[in-house]
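The values are calculated or read from the model by the stated rules, or taken from the named source; none is laboratory data. If you're wondering where the values come from, they're calculated on a predicted model, not measured in any experiment. With ideal geometry, Cβ positions are generated from the backbone for all residues, glycine too; neighbour counts draw on all protein chains shown. All accessible areas refer to the heavy atoms of the entire protein, side chains included, with ligands and DNA or RNA removed. Shrake-Rupley method; radii C 1.70, N 1.55, O 1.52, S 1.80 Å.
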Amino acid sequence: KTLTWIIKAMHHNPQSCFAECKDNDEPSDNGEEEEIVSKDPILSLIVKLSNIAKNRYKDRREAVFKCFASFATSCDEGFMTPYLELMIEPLHRVITEALSEVDELRKKRRQLESDPADLANDVMQILEDRCGTDEFLKAYATVKTKAREKRDTRKREAAAEAVHDPQAAAMRKLQKHDRERKRKKRRVEERKRMRGAFGKSL
């Protein structure tokens, strides 16, 4: 609710969202990108929320997705249209991750907790309803194209690295396995917490 109020205030008073630069401030290294973001405080907020939701932390993702849904339902229709791609990107990532899961594991998880993809799909539907099907589909297609291009680029880079620097490629593979191990451990802990909460409610 607080963020929804803030985003409306940002829309009506964007000039009050940034402190004025002092004479002795050093210029930023990011140049144009930061200048573009600084002209639109709402864009700055959506970028931060989108980046938070890209990480594999269920609670953070749910909080961000609920913010997106609140923005879309509380603001005027089309208000969030310029930021559709930024909002759809983490939603699409969650749905893609869920679809890649083994069906049996998904069934077992749904017996204990809600599927993160369910919330992502709900928010996607809200965005489509509020921003219009044409604008939504256009943004969604762009997000999927960019995701596919990133995936293809990573594959090409990994293949090239395996040829030119096999030691670095082996190290990267070990790091990936370590991240997967930690992610699985985190999911097990989340399921244990859900089982404990479910048992207390009975």
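List, please: which pairs have Cβ atoms under 8 Å, are six or more places apart or on different chains, and start with a residue in segment 35-52 that is modelled with pLDDT of 90 or more and end with one that is in a helix (DSSP H, G or I) and open to solvent by 70 Å² or more (accessible area, probe 1.4 Å)? Short answer, once both residue conditions are applied: Ile52/Arg60.
Table: residues versus (1) open to solvent by less than 100 Å² (accessible area, probe 1.4 Å); (2) under 28 Å from Glu89 (Cβ atoms); (3) at pLDDT 85 or above; (4) hydrophobic (A, V, I, L, M, F, W, C).
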| position | (1), (2), (3), (4) |
| --- | --- |
| Glu149 | no, yes, yes, no |
| Glu157 | no, yes, yes, no |
| Lys173 | no, yes, no, no |
| Glu180 | yes, yes, no, no |
| Arg183 | yes, yes, no, no |
| Arg186 | yes, yes, no, no |
| Arg191 | yes, yes, no, no |
| Ala197 | yes, no, no, yes |
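For segment 105-127, which positions are open to solvent by less than 100 Å² (accessible area, probe 1.4 Å), in a helix (DSSP H, G or I) and either out of contact with any helix residue (DSSP H, G or I) (no Cβ under 6 Å at 6 or more places or on another chain) or modelled with pLDDT under 90 (or both)? Scanning segment 105-127 gives Leu105, Arg106, Arg109, Leu112, Pro116, Ala117, Asp118, Leu119, Ala120, Asn121, Asp122, Gln125.
Return the residue satisfying two criteria in turn: it lies in segment 41-56 and is of a type outside the set (A, V, I, L, M, F, W, C) and under 10 Å from the mean Cα position of the chain (by Cα), and of such residues it is most open to solvent (accessible area, probe 1.4 Å).
If we filter segment 41-56 for residues that are of a type outside the set (A, V, I, L, M, F, W, C), which is where we start, we get 41, 44, 48, 50-51, 54-56.
Adding the requirement that they be under 10 Å from the mean Cα position of the chain (by Cα) leaves 48, 50-51, 54-56.
Working: Lys48: 127, Ser50: 1, Asn51: 78, Lys54: 45, Asn55: 76, Arg56: 89 Å².
Within segment 41-56, the match that is most open to solvent (accessible area, probe 1.4 Å) is Lys48.
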